[in-house]
There are 4 protein chains.
Amino acid sequence: MDDETQREQASPAVRKRVQESFDRQGLMSHLGARITRIAPGRVHIVLPSRPEVTQQNGFFHAGATSAIADSAGGYAGFTLFPENTDVLTVEYKINLLAPAVGDHLEAVGTVLKYGRTLTVCQLEVFAVQDDRRKLVAHGQQTLISLNGPEQ
Amino acid sequence: MDDETQREQASPAVRKRVQESFDRQGLMSHLGARITRIAPGRVHIVLPSRPEVTQQNGFFHAGATSAIADSAGGYAGFTLFPENTDVLTVEYKINLLAPAVGDHLEAVGTVLKYGRTLTVCQLEVFAVQDDRRKLVAHGQQTLISLNGPEQ
Amino acid sequence: MDDETQREQASPAVRKRVQESFDRQGLMSHLGARITRIAPGRVHIVLPSRPEVTQQNGFFHAGATSAIADSAGGYAGFTLFPENTDVLTVEYKINLLAPAVGDHLEAVGTVLKYGRTLTVCQLEVFAVQDDRRKLVAHGQQTLISLNGPEQ
Amino acid sequence: MDDETQREQASPAVRKRVQESFDRQGLMSHLGARITRIAPGRVHIVLPSRPEVTQQNGFFHAGATSAIADSAGGYAGFTLFPENTDVLTVEYKINLLAPAVGDHLEAVGTVLKYGRTLTVCQLEVFAVQDDRRKLVAHGQQTLISLNGPEQ
């Protein structure tokens with residue numbers, strides 16, 4: 001995924017497909033997360049800070065950080081999948097690099113390797129405070145594509 | 001952690017310390033999760049099914065599954081840490097083995113290797129429906145212990 | 001995989017298939033590793049200590065530890081695969097829990113979840129010195145089964 | 001690590017320290033691997049193809065791929081560590097993206113986040129054939145720095 005790709009938007013049909021699937025994820029709206037960018041092979045999700053997403057010290061909970069990272073990666077893969085396929089996470093690994101403190105988190109999922117069956121994504125999460133953007137989590141994810149719009 | 005350990009409860013002081021920390025995690029109460037067992041080196045967390053924790057197909061979201069797995073592992077380590085230390089997740093890896101469908105999820109975190117600085121836990125998540133209990137996620141986590149009750 | 005399984009041996013046909021594949025792995029014989037047990041869903045590989053497998057302090061190199069763990073997991077999955085399929089490692093994660101020092105290492109791969117496409121294994125590596133057996137590495141691995149005896 | 005960093009070489013003292021440690025790794029010379037670049041926070045290791053490093057189909061064995069990836073990441077971190085500290089791998093995760101076939105492999109370890117205790121690296125492995133360079137493995141690694149030149 002080069003920088004050119006990053007600037008592009010996905011086609012309207014793909015964006016619609018991603019947004020509709022995202023809107024069906026009860027967890028994302030319950031956390032207050034929203035998709036802010038849908039490019040081919042790259043998706044951004046933003047999660048504003050609020051008490052409902054914290055751990056014991058008031059930072060973003062690793063579970064919240066991971067949830068948006070996982071969804072960002074899943075939808076990054078989904079932008080490249082053929083129509084009428086679904087995406088499931090096979091596994092992921094994430095390092096929490098620094099306390100996640102800020103106005104909001106931004107998760108960026110990027111396809112590293114697209115495959116017919118398995119796709120591998122990079123997961124990055126930034127904590128944003130005013131105009132400071134700090135990498136707070138970094139991970140790697142394996143997705144599987146399944147036939148049929150539902151599974 | 002042998003079976004004997006699994007049956008034990010942690011001391012009242014440790015259970016209090018874990019429960020109080022858990023109660024400060026805004027995310028856990030927002031998701032509807034609760035701790036159901038606190039043993040030395042092993043903690044169970046239960047998450048009832050409801051629309052607020054789903055992904056696009058109505059299953060438990062991998063982010064919800066991971067969030068309780070991460071917390072179960074973190075508190076499993078915390079039961080063994082000296083007083084006045086805090087616990088942070090360094091990283092974890094989780095495989096989603098099967099669609100997570102059921103009345104509730106039960107995450108079990110178990111210490112595999114306790115260390116003064118780093119502790120490694122096994123993470124298991126079961127989907128429970130009536131009296132059927134199915135392993136739906138399995139992972140591994142690295143924790144770090146930090147001085148001071150807050151960090 | 002319960003204890004009963006662990007005691008069993010795989011069928012002669014499966015053991016032959018595993019051993020022949022193992023014997024074609026140039027790396028395993030170059031390291032001096034050998035398969036010591038082939039049970040359904042569980043395989044043991046032993047690696048004797050010698051200067052050719054060390055890191056800078058004279059311990060077993062994490063790369064050697066991982067190599068036998070990866071092969072043990074791969075063949076554990078392979079024992080359950082249909083004939084005329086091949087196995088490839090999709091990914092694995094491993095924690096090095098303690099310095100790997102001893103007469104030999106023993107890697108144990110165990111299937112946690114068998115699937116038609118993807119199989120997930122647990123990886124354990126023990127350092128053995130006289131009659132002391134210490135867990136020095138613990139991991140988790142995803143395998144894919146492919147049609148055709150070669151790929 | 002920006003591109004500028006990538007072009008730089010580490011200081012002669014750091015390069016000497018890395019090379020001497022590498023030369024003590026029995027496994028690296030037994031596999032035939034050598035360090036080809038030592039930059040601040042980034043190290044390259046090359047492994048030529050030969051039967052001694054293969055798996056059952058004649059590709060590079062995942063264990064060999066991982067071994068050089070692990071060493072490249074470990075030494076990438078080591079370039080940034082203070083004198084008289086040692087480095088150990090806490091854990092790593094690696095995805096095998098494609099069959100590793102070619103004249104040689106090139107592993108590149110890059111520090112993502114340096115810390116006084118824990119350092120996180122990205123691991124990439126390329127298969128090189130003539131002037132074609134293909135990403136065949138991608139991973140993430142956690143290192144710990146320890147006091148004392150030996151551990």
Conditions: (1) at pLDDT 95 or above; (2) in contact with a Lys or Arg (Cβ under 6 Å, 6 or more places away or on another chain). Residue B:47 meets all but one. Number of the miss?
-> (2)
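Might you let me know whether the stretch B:87-101 holds any residue that is touching a residue at least 40 places away in the same chain (Cβ under 8 Å), under 11 Å from the mean Cα position of the chain (by Cα) and within 30 Å of residue B:13 (Cα to Cα)? First the steps, then the outcome.
Within the stretch B:87-101, the subset touching a residue at least 40 places away in the same chain (Cβ under 8 Å) is B:87-97, B:99-101.
Within this subset, residues satisfying the condition of being under 11 Å from the mean Cα position of the chain (by Cα) are none.
Within the stretch B:87-101, none of the residues are touching a residue at least 40 places away in the same chain (Cβ under 8 Å), under 11 Å from the mean Cα position of the chain (by Cα) and within 30 Å of residue B:13 (Cα to Cα).
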Evaluate the following for residue B:109: is it touching a residue at least 60 places away in the same chain (Cβ under 8 Å), under 12 Å from the mean Cα position of the chain (by Cα) and away from chain A (no Cβ under 12 Å)?
-> yes
So which of B:21, B:29, B:49 ends up being touching a Gly at 6+ places or on another chain (Cβ under 7 Å) and among the hydroxyl-bearing types (Ser, Thr, Tyr)?
-> B:49
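Looking only at the stretch D:20-36, decide whether some residue is within 26 Å of residue C:70 (Cα to Cα), in a strand (DSSP E or B) and open to solvent by less than 60 Å² (accessible area, probe 1.4 Å). Before the answer, list the steps.
Of the residues in the stretch D:20-36, the ones within 26 Å of residue C:70 (Cα to Cα) are D:21-35.
Add one more test, that the residue is in a strand (DSSP E or B), and what stays is D:34-35.
Right, trim to open to solvent by less than 60 Å² (accessible area, probe 1.4 Å) and you get D:35.
For the stretch D:20-36, residues within 26 Å of residue C:70 (Cα to Cα), in a strand (DSSP E or B) and open to solvent by less than 60 Å² (accessible area, probe 1.4 Å): present.
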Tell me, please, whether a residue that is open to solvent by 10 Å² or more (accessible area, probe 1.4 Å) and in a helix (DSSP H, G or I) can be found in the stretch A:84-98.
-> no
Just one listed residue, out of A:24, A:37, is facing chain B (nearest Cβ under 10 Å) and free of Cβ contacts under 8 Å to residues at least 40 places away in the same chain, and it is A:24
Selection from the stretch A:69-99 of residues that are of a type in the set (D, E, K, R) and facing another protein chain (nearest Cβ under 10 Å) = A:70, A:86, A:91, A:93
Residue check: is residue D:120 at pLDDT below 95, within 14 Å of chain C (Cβ to nearest Cβ) and part of a strand (DSSP E or B)?
-> no
Selected residue (criterion: surrounded by the fewest Cβ atoms within 10 Å (Cβ to Cβ)) from residues of the stretch D:40-54 that are in a strand (DSSP E or B) and without any contact (Cβ under 8 Å) to a residue 60 or more places away in the chain | D:48
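Taking the stated definitions as given, is residue D:13 farther than 19 Å from residue C:99 by Cα, aliphatic (A, V, I, L, M), in a helix (DSSP H, G or I) and open to solvent by 40 Å² or more (accessible area, probe 1.4 Å)? Before you say what the answer is, go through the steps one by one.
Numbers: farther than 19 Å from residue C:99 by Cα: yes; aliphatic (A, V, I, L, M): yes; in a helix (DSSP H, G or I): yes; open to solvent by 40 Å² or more (accessible area, probe 1.4 Å): yes.
When the stated conditions are applied, residue D:13 passes them.
Suppose we filter the stretch C:4-21 for residues that are of a type in the set (Gly, Ala, Ser), in contact with a strand residue (DSSP E or B) (Cβ under 7 Å, 6 or more places away or on another chain) and within 14 Å of chain D (Cβ to nearest Cβ); how many remain? Even if it seems obvious, please write down each step before you answer.
Filtering the stretch C:4-21 down to residues of a type in the set (Gly, Ala, Ser) leaves C:10-11, C:13, C:21.
With the extra rule that they be in contact with a strand residue (DSSP E or B) (Cβ under 7 Å, 6 or more places away or on another chain), the set shrinks to C:10.
The next check asks that each one be within 14 Å of chain D (Cβ to nearest Cβ); those that pass are none.
The qualifying residues number 0.
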Residues A:115, A:102: which one is part of a loop (DSSP other than H, G, I, E, B), more than 13 Å from chain B (Cβ to nearest Cβ), within 16 Å of residue D:138 (Cβ to Cβ) and open to solvent by less than 20 Å² (accessible area, probe 1.4 Å)?
-> A:115
Test set (1) more than 13 Å from the chain's Cα centre (by Cα); (2) more than 30 Å from residue B:115 (Cβ to Cβ) - residue C:38 fails condition number | (1)
Among B:27, B:31, which is under 22 Å from residue A:95 (Cα atoms) and within 15 Å of the chain's Cα centre (by Cα)?
-> B:27
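With A:125, A:136 as the choices, which residue is touching a residue at least 12 places away in the same chain (Cβ under 8 Å), part of a strand (DSSP E or B), at the interface with chain D (Cβ under 10 Å from one of its Cβ atoms) and among the β-branched types (Val, Ile, Thr)? Break it down stepwise before answering.
Working: A:125 fails: at the interface with chain D (Cβ under 10 Å from one of its Cβ atoms).
After applying the criteria, what remains is A:136.
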Within the stretch C:55-73, can you find the residues that are open to solvent by less than 10 Å² (accessible area, probe 1.4 Å) and of a type in the set (Gly, Ala, Ser)?
-> C:63, C:64, C:66, C:67, C:69, C:71, C:72, C:73
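The values are calculated or read from the model by the stated rules, or taken from the named source; none is laboratory data. Note that the structure is predicted; figures quoted are calculated from it, not measured. A quick note on method: Cβ atoms are made from the backbone with ideal geometry, for glycine too, and the neighbour counts reach across all protein chains shown. When the accessible area is computed, the model is the full protein with side chains, heavy atoms only, and any ligands, DNA or RNA have been set aside. Shrake-Rupley method; radii C 1.70, N 1.55, O 1.52, S 1.80 Å.
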